Amino acid sequence: MTVTWEELGWERVASGVGRCRLPGWDCTAGLVVGGGTALVIDAGSSLAEGARLRTAAEGLAGLRVTHLALTHPHFDHVFGAAAFTGAEVYGPVGMGALFATRHAREELREDAVREGLDARLAEEAVASLLAPRHQVSGEWTLDLGGGRQVLLANVGPGHTAHDLAVLVPGSPEVVFCGDLVEESGEPQAGPDAVPSHWPAALDRLLDLGGEDAVYVPGHGAVVDAGFVRAQRDALAARFGVSR
């Protein structure tokens, strides 16, 4: 029996491309199904959530998850990564070095607990935190087989010093934005944000997807190019960035 996207609480946004909104922090996870491959975008906020995400993705794809892309180094997007054993893991350049430092790992744990994650789950995730094997410094074309390719693009800094977007060509084209774009609230600028570069990062997103693409934010509902442009302009005004 074939399981539909909707039955598992996912939203299908294009052929073989979907996303779900994870509970707790309304964080987006994405899925792109190729020819004998499956790419998951972001891993959830704990090992348990990552395991549930993997199970759902594999149920939809009908095969194991072979690739994982991490959009940026915040706990609600990366703490589930170790649940994707055997997958090839991709992230923006610098993420691996960041995860290797005790200070950064402790900051991630503290942030997770401060935001409401159970301390035990946070400690478990930090102890097994998985750094990307493949680090993207510019653009990386990933061949998923079956005529499907995706483009991994390091478009940051912006929301953090390390921001990766994922472009899925097709009709429509789909851009997974990470937290460079947020729909369910004002974009969050923490101490690791680079506000002076954030509007330019959104320009690069718009260059990637174009006017007719579907843009999938890190939190909230799917948006269009007009929303991304408006958020770019609001960020420029908020941080005093000359356009």
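Structural remarks
- Calculated over the chain, the projected area of the Cα convex hull averaged across directions stands at 12.0 nm².
- Semi-axes of the equivalent ellipsoid for the range 38-95, computed as √(5λ) from the eigenvalues of its C-alpha gyration tensor and ordered from largest down, come to 18, 13, 8 Å.
- FRET efficiency for the pair GLN188 and VAL3, taken as 1/(1 + (r/R0)^6) with r the Cβ-Cβ distance and R0 = 41 Å, rounds to 0.75.
- Rounded to two decimals, the Cα-based Rg/Rh of the range 92-198, with Kirkwood Rh, is 1.01.
- Restricting the calculation to alpha carbons of the range 143-243 gives Rg and Dmax of 13.2, 46 angstrom.
- Of the accessible area of the range 41-162, computed with a 1.4 Å probe over protein heavy atoms only, carbon and sulfur atoms account for 49 percent.
- Rolling a 1.4 Å probe across the protein heavy atoms gives the chain an accessible surface of 41 Å² per residue.
- Protection proxy ranking of 90-102, 165-177, by the mean of other Cβ atoms within 10 Å over each peptide's residues and highest first, is 165-177, 90-102.
- P(r) tail for the range 41-152: Cα pairs beyond 16 Å make up 58% of the total.
- Viscosity 0.890 mPa s, temperature 25 °C, Stokes-Einstein D of the range 109-171 from Kirkwood C-alpha radius, µm²/s: 171 µm²/s
- Overall dimensions of the range 189-243 by Cα: Rg and Dmax, Å: 11.3, 33
- Each residue, ARG238 and GLU58, gets one label point 7 Å from its Cα in the Cβ direction; the gap between the two is 3.8 nm.
- For the range 1-89, the Kirkwood estimate of hydrodynamic radius, built from reciprocal distances between every pair of different alpha carbons, is 12.6 Å.
- Positive-end extreme of charge dipole, the chain - chosen from THR160, ALA83, ALA112 (charges on Cβ): ALA83
The values are calculated or read from the model by the stated rules, or taken from the named source; none is laboratory data. Nothing here was measured: the structure is a model prediction, and the numbers come from that model. Counting neighbours? That spans all protein chains shown, and the Cβs are built from the backbone with ideal geometry, glycine included. In case anyone asks, the SASA skips ligands and DNA or RNA and just uses the protein heavy atoms, side chains included. Shrake-Rupley method; radii C 1.70, N 1.55, O 1.52, S 1.80 Å.
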